[in-house]
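> Can you keep this structure in mind? I'll have questions shortly.
The values are calculated or read from the model by the stated rules, or taken from the named source; none is laboratory data. No experiment lies behind these values; they were computed from the predicted model shown. Methodologically, a virtual Cβ is constructed for each residue, glycine included, from the backbone with ideal geometry; neighbour enumeration extends over all protein chains shown. The area values use the complete protein model at the heavy-atom level, side chains included, leaving out ligands, DNA and RNA. Shrake-Rupley method; radii C 1.70, N 1.55, O 1.52, S 1.80 Å.
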Amino acid sequence: MSLEKQFNEKFNVLDQLCRKKYPEYDSREKPFEPLRQFKSTLDKTGSKHLENLIDARNILSHSPVPLISIEKGAINLLDGFINGLRRQAQYGSDAPIDPELEKLRADNLKIMSNALNDINGANIHVNETIRERYKAAILDLVQKEKDATSVAEIRKNFFDFKEIMNKLLESEKKARKTHALKRSKEEAINDVSEAYYDTIRDIKGIFGIGKRRQAKLIKEDAISRINSTETLDNIEEIAETAIDLLNDIN
């Protein structure tokens with residue numbers, strides 16, 4: 001979707017929100033009067049931003065050829081005003097709206113929400129205790145982000161959120177490594193055990209007692225070393241060596 005089309009769609013949303021908030025100023029003769037009433041509640045910077053957006057909409061609506069180009073910053077300001085008005089309606093508040101703050105807040109909350117969905121779903125592999133601890137910490141930051149009244153607060157909350165996520169992902173990395181190590185050990189021990197039983201099955205007679213004892217020592221030593229190692233490469237090497245030794249007995 002082009003930036004101009006995005007601008008027009010979001011401007012219409014903002015216009016409708018202002019008409020709903022200020023129905024007494026809604027009239028055909030003065031179509032942007034609810035928007036201008038909203039503008040009167042903003043600080044100097046916000047008021048200037050909104051006036052520029054209204055001017056841009058007038059130019060786009062009445063010029064047969066494009067006299068201006070819409071930039072991403074204008075879309076972000078519209079998003080900020082829209083998010084701010086929706087928050088006012090949700091919480092029954094008339095607190096002044098800072099569009100840059102509201103845009104930043106909305107973007108951060110969306111990222112936090114996606115992170116919570118990942119934690120609640122199957123995308124993050126950690127035990128339940130760790131999952132609940134990090135979820136609670138992020139939910140606390142979500143509330144702080146909703147309550148924040150300055151860009152500095154919002155950025156601080158999001159910085160803390162990223163720190164929490166880094167720790168969570170590090171915990172997940174360790175959990176994945178532990179799981180992979182455990183599974184690799186189980187598979188290696190099964191392979192060595194299978195090779196051991198194949199070997200002693202083929203050993204016949206009284207003179208095979210020494211060979212059976214040798215096979216048992218090889219198996220037990222390999223299993224002990226597999227259980228004590230912490231590297232996947234070592235596990236594979238220990239298992240392969242033990243299997244070769246067992247195969248050589250006969």
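> Scan region 153-173 and report the pairs whose first residue is surrounded by 15 or more Cβ atoms within 10 Å (Cβ to Cβ) and whose second residue is not in a helix (DSSP H, G or I), with Cβ atoms within less than 6 Å and a gap of 6+ or a chain change.
Every condition considered, the pairs that remain are Ile154/Ala148; Ser171/Val126; Glu172/Ile124; Glu172/His125; Glu172/Val126.
> Given the residues Lys144, Lys185, Lys216, which is the only one that is closer than 30 Å to Leu109 by Cα and either in contact with a Gly (Cβ under 7 Å, 6 or more places away or on another chain) or part of a helix (DSSP H, G or I) (or both)?
Exactly one residue qualifies, and that residue is Lys144.
> Limited to region 22-56, what total is found for residues that are open to solvent by less than 70 Å² (accessible area, probe 1.4 Å), over 21 Å from Gly73 (Cβ atoms) and at pLDDT 90 or above?
Summing the residues that are open to solvent by less than 70 Å² (accessible area, probe 1.4 Å), over 21 Å from Gly73 (Cβ atoms) and at pLDDT 90 or above in region 22-56 gives 5.
> Does any residue of region 70-77 turn out to be open to solvent by less than 80 Å² (accessible area, probe 1.4 Å) and not in a helix (DSSP H, G or I)?
Yes, the conditions are met somewhere in region 70-77.
> May I pose another question? Taking region 60-69 only, how many residues are open to solvent by 60 Å² or more (accessible area, probe 1.4 Å) and either under 24 Å from Asp98 (Cβ atoms) or in a loop (DSSP other than H, G, I, E, B) (or both)?
Going residue by residue through region 60-69, those that are open to solvent by 60 Å² or more (accessible area, probe 1.4 Å) are 61-62, 64-67, 69.
Imposing the further condition that a residue be either under 24 Å from Asp98 (Cβ atoms) or in a loop (DSSP other than H, G, I, E, B) (or both) reduces the set to 64-67, 69.
Adding up the residues that qualify gives 5.
> Condition check: among the basic types (Lys, Arg) and either exposed (fewer than 13 other Cβ atoms within 10 Å of the Cβ) or within 26 Å of the chain's Cα centre (by Cα) (or both). Does Lys211 satisfy that?
Values: among the basic types (Lys, Arg): yes; either exposed (fewer than 13 other Cβ atoms within 10 Å of the Cβ) or within 26 Å of the chain's Cα centre (by Cα) (or both): no.
No: the conditions fail for Lys211.
> Which of (1) of a type outside the set (Lys, Arg); (2) closer than 30 Å to Gln90 by Cβ; (3) touching a helix residue (DSSP H, G or I) at 6+ places or on another chain (Cβ under 6 Å) is the odd one out, the single condition Ala222 does not satisfy?
Result: Ala222 passes all but (2).
> What pairs can you find where one residue is in region 28-55 and β-branched (Val, Ile, Thr), the other is at pLDDT 90 or above and crowded, with 19+ Cβ neighbours inside 10 Å, and their Cβ atoms are less than 7 Å apart, with a gap of 6+ or different chains?
Ile54/Leu35
> Any chance region 130-145 includes a residue that's over 30 Å from Arg87 (Cα atoms) and open to solvent by less than 80 Å² (accessible area, probe 1.4 Å)?
Checking region 130-145: at least one residue is over 30 Å from Arg87 (Cα atoms) and open to solvent by less than 80 Å² (accessible area, probe 1.4 Å).
> Looking at region 166-198, which of the residues that are of a type in the set (A, V, I, L, M, F, W, C) and out of contact with any helix residue (DSSP H, G or I) (no Cβ under 6 Å at 6 or more places or on another chain) is nearest to Asn127 (Cα to Cα)?
Only one residue tops the list, namely Ala175.
> Return the total of residues in region 214-233 being closer than 21 Å to His179 by Cβ and surrounded by fewer than 15 Cβ atoms within 10 Å (Cβ to Cβ).
5
> When you go through (1) among the aromatic types (Phe, Trp, Tyr); (2) over 33 Å from the mean Cα position of the chain (by Cα); (3) surrounded by fewer than 18 Cβ atoms within 10 Å (Cβ to Cβ) one by one for Tyr91, which number turns out not to apply?
That leaves (2) as the condition not met.
> Now, a different point. Within region 197-208, take every residue that is assigned to a helix (DSSP H, G or I) and open to solvent by 30 Å² or more (accessible area, probe 1.4 Å) and give me the one that is modelled with the highest pLDDT.
Initial filter on region 197-208 (assigned to a helix (DSSP H, G or I)): 197-202, 206-208.
With the extra rule that they be open to solvent by 30 Å² or more (accessible area, probe 1.4 Å), the set shrinks to 197-198, 200-202, 206-207.
Numbers: Tyr197: 92, Asp198: 89, Ile200: 88, Arg201: 87, Asp202: 82, Ile206: 68, Phe207: 69.
Here the answer is Tyr197.
> Okay, moving on. Scan region 98-127 for residues that are touching a residue at least 24 places away in the same chain (Cβ under 8 Å), farther than 27 Å from His49 by Cβ and out of contact with any Phe, Trp or Tyr (no Cβ under 7 Å at 6 or more places or on another chain) and jot them down.
Hits for region 98-127 are Ala115, Leu116, Ile124, His125, Val126, Asn127.
> Pick out the one residue from Arg86, Arg105, Arg36, Arg57 that is assigned to a helix (DSSP H, G or I) and in contact with a Leu (Cβ under 8 Å, 6 or more places away or on another chain).
That would be Arg86, the only listed residue that is assigned to a helix (DSSP H, G or I) and in contact with a Leu (Cβ under 8 Å, 6 or more places away or on another chain).
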